[in-house]
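The values are calculated or read from the model by the stated rules, or taken from the named source; none is laboratory data. The structure displayed is predicted, hence computed values, not measured ones. Glycine gets a Cβ as well: all are built from the backbone with ideal geometry, and neighbour counts include every protein chain shown.
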Amino acid sequence: MIYKVGMFCKHFKGETLLDKNIYRIEKLHVSGDMIDENFITYSGHGRLKDAEELVVYSNVFENGKLFAREYSDLSSQIDEEKQMLFGQKLRVEPLTDKELSMIQDPDFISKRSLATNDNLKTLTK
């Protein structure tokens, strides 16, 4: 199991960490029939109600947005061309200790146009 509740991760798209979506893992092992689509956006494939082994995650710099996607999709390996282009192997990878320090830095946070004081509180807990 790659992910743990509370872990911070990065999506593969984006040239630098500043460009990437940063996620916080909120829940693991969720079934689709437990998801309320009024509060959580399903970003997977197929029908939500049939989905199993979902990961619920939030976008750290977009306050209040929650998503759910199959664990196998989030942890899937991207093709070699994308690996070279984006510098990571998996669709969503845990942040390194260095990257975790970077996203908590006030300068980094100020460069993210959607950052709020609530996000800063979440990052520094």
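The lone criterion from (1) under 15 Å from the mean Cα position of the chain (by Cα); (2) not in a loop (DSSP other than H, G, I, E, B) left unmet by Asp33 is number (1). Could you list all residues from the stretch 13-47 that are surrounded by 17 or more Cβ atoms within 10 Å (Cβ to Cβ), farther than 24 Å from Gln83 by Cα and of a type in the set (A, V, I, L, M, F, W, C)? Of everything in the stretch 13-47, those that are surrounded by 17 or more Cβ atoms within 10 Å (Cβ to Cβ), farther than 24 Å from Gln83 by Cα and of a type in the set (A, V, I, L, M, F, W, C) turn out to be Val30, Ile35, Ile40. Scan the stretch 82-125 for residues that are at pLDDT below 95, more than 16 Å from Asn63 (Cα to Cα) and acidic (Asp, Glu) and jot them down. Scanning the stretch 82-125 gives Asp105, Asp107. Scanning the stretch 53-65 for residues that are surrounded by fewer than 17 Cβ atoms within 10 Å (Cβ to Cβ) and modelled with pLDDT of 95 or more returns a single hit, Glu53. For the stretch 43-52, state whether one or more residues are touching a helix residue (DSSP H, G or I) at 6+ places or on another chain (Cβ under 8 Å) and touching a residue at least 60 places away in the same chain (Cβ under 8 Å). No, because not a single residue in the stretch 43-52 is touching a helix residue (DSSP H, G or I) at 6+ places or on another chain (Cβ under 8 Å) and touching a residue at least 60 places away in the same chain (Cβ under 8 Å). Report, ordered by the first and then the second residue, all pairs with beta carbons closer than 7 Å, sequence separation of six or more or different chains, a first member in the stretch 98-121 that is surrounded by fewer than 14 Cβ atoms within 10 Å (Cβ to Cβ), and a second member that is in a helix (DSSP H, G or I) and at pLDDT below 85. Taking only residues 6 or more apart or on different chains, the pairs are Gln104/Leu123.
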